[in-house]
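Encoded as structure tokens, the structure appears first; notes follow it.
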Amino acid sequence: MKTMPLPNAFAETLRETLDEWPALQKDIAKATGILASHLSEMKHGRRRCTPEYDLRLSRYFGMEEGFWMRLQLHYEMQRAKRELGKRIETEVQPAA
């Protein structure tokens, strides 16, 4: 049985935000100090959000700091649970 890919909320939200924003992506890249190629890779899920990118994107879009990182972390936790969850359940016994 083939596993469905996990939705990457960070990439999807960034893609929607960039696509709907009135400025061009190259102008957003310049204004945020993030390379245009990095923005493109992030919106396609090929580059992860970092704390620096979060701060830059949050300031530019007027969002709460940590917004983008929380989306990234949620995706990574879901992926780790899917890939490692069963093995961890068998290898690690709860302390209590």
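Assorted remarks:
- In order through the stretch 23-35: 3J(HN,Hα) via Karplus (6.51 cos²θ - 1.76 cosθ + 1.60), integer Hz, x for Gly, Pro: 8, 6, 4, 5, 6, 5, 4, 5, 5, 8, x, 9, 3
- Straight-line cross-link reach from K86 at under 17 Å between alpha-carbon atoms covers these aspartates and glutamates, not counting any fewer than eight positions away in the same chain: E76.
- Protein heavy-atom accessible surface, 1.4 Å probe, per residue over the chain: 75 Å².
- The alpha carbon radius of gyration of the chain, expressed as a multiple of 2.2 N^0.38 Å, is 1.31.
- Over the residues of the chain, the helix contribution to mean residue ellipticity at 222 nm works out to -21000 deg cm²/dmol, using -39500 (n - 2.57) for each DSSP H run of at least 4.
- Solvent-accessible area, 1.4 Å probe, carbon plus sulfur percent, for the chain: 55 percent
- Hull volume in cubic angstrom per residue (convex hull over the Cα atoms of the stretch 10-57): 61 Å³
- Per-residue packing, averaged as other Cβ atoms within 10 Å, sorts the ranges 79-91, 11-23 into the order 11-23, 79-91, beginning with the highest.
- The stretch 15-53-the stretch 78-96 distance, computed between alpha-carbon centres (Å): 34 Å
- Between D27 and R87, the modelled label-to-label distance comes to 4.7 nm, taking each label 7 Å out from Cα in the direction of the beta carbon.
The values are calculated or read from the model by the stated rules, or taken from the named source; none is laboratory data. As the structure is a prediction and not an experimental result, all values here were calculated from the model. Glycine gets a Cβ as well: all are built from the backbone with ideal geometry, and neighbour counts include every protein chain shown. The area values use the complete protein model at the heavy-atom level, side chains included, leaving out ligands, DNA and RNA. Shrake-Rupley method; radii C 1.70, N 1.55, O 1.52, S 1.80 Å.
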